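**Q** Please read through the structure below; I'll follow up with questions.
The values are calculated or read from the model by the stated rules, or taken from the named source; none is laboratory data. All figures in this text were calculated on a predicted structure; none of them were measured in a lab. Cβ atoms come from the backbone with ideal geometry, glycine included; neighbour counts cover every protein chain shown. What goes into the accessible areas is simple: the full protein's heavy atoms, side chains included, and nothing from ligands, DNA or RNA. Shrake-Rupley method; radii C 1.70, N 1.55, O 1.52, S 1.80 Å.
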Amino acid sequence: MNRIAVVVPAHNEHDLLPSCLAALTAATAPVPVEIVVVADACADDTAALAAEAGATVVTVDAANVGRARAAGMDHALRHGPDGLWLATTDADSRVAPEWLLWHLTHAAAGTDLLAGTVLVDDWAAWPAALPGLHDSRYATTDAHVHGANLGISAATYLAVGGFRPIAHDEDRDLITRVRAAGHRVVSDATCPVVTSARPDGRAPLGFSAHLTGLAATLAA
């Protein structure tokens, strides 16, 4: 791979997007990197903040994370798929400085799709027992799927038809199709992305909904 594009869907992300973009900008890579922020149905200054940070901005009015991620990928692919690795994270998340190198190492080893893990940065809004419950269940799961920590070769992405325009689980849907097509999927927990545990998540049935479900089991 000789270039990387990182797609960040963002819906009204004034508060958390700057930290996300600062972390991506600080991530080391020996190849050109394009950061594509997809400002989706925003009523705030998400798009302006992204542009000020040096990101490419794609504006859509879908209110749909699958469509937003797909729009970002389509833009990243405007020069074709040759030598291109497509990565994606979320606007409420922060990647590690070695995140892009981690992606490139896997790509060089023949990985077609890379699925990483996440770490929660702040549990303050949740019951005290929730972090332990979450961590215990998370540790026993081998295959984690998060749009906040995902990468795929451009050729594989195109071969399976890319992200579908669905409102949630677009990441799981993509991985299912990549596996079904016989491509190499690797799950690796060695380079987690820090993500927020805000209760008011932007995607229905996303990570915040998962945490809400876990919290409900504590109250049962």
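**Q** Quick one: which strands (runs of 3 or more DSSP E) sit completely within segment 128-202 and have at least 2 residues that are touching a Leu at 6+ places or on another chain (Cβ under 8 Å) and surrounded by 19 or more Cβ atoms within 10 Å (Cβ to Cβ)?
**A** 150-153, 193-195
**Q** Collect the residues in segment 68-126 that are open to solvent by 50 Å² or more (accessible area, probe 1.4 Å) and either basic (K, R) or assigned to a strand (DSSP E or B) (or both), keeping them in residue-number order.
**A** R78, R94, L119 - these are the residues of segment 68-126 that are open to solvent by 50 Å² or more (accessible area, probe 1.4 Å) and either basic (K, R) or assigned to a strand (DSSP E or B) (or both).
**Q** If I go through segment 19-61 residue by residue, how many of them are open to solvent by 40 Å² or more (accessible area, probe 1.4 Å), within 20 Å of A203 (Cβ to Cβ), touching a residue at least 24 places away in the same chain (Cβ under 8 Å) and assigned to a loop (DSSP other than H, G, I, E, B)?
**A** Going through segment 19-61 one residue at a time, the tally reaches 3.
**Q** Quick one: count up the residues across segment 163-220 that are within 18 Å of A139 (Cα to Cα), small (G, A, S) and without any contact (Cβ under 8 Å) to a residue 60 or more places away in the chain.
**A** 1
**Q** Hey, among W102, W126, which residue is farther than 22 Å from G72 by Cα and of a type in the set (F, W, Y)?
**A** One residue alone meets the criteria, W126.
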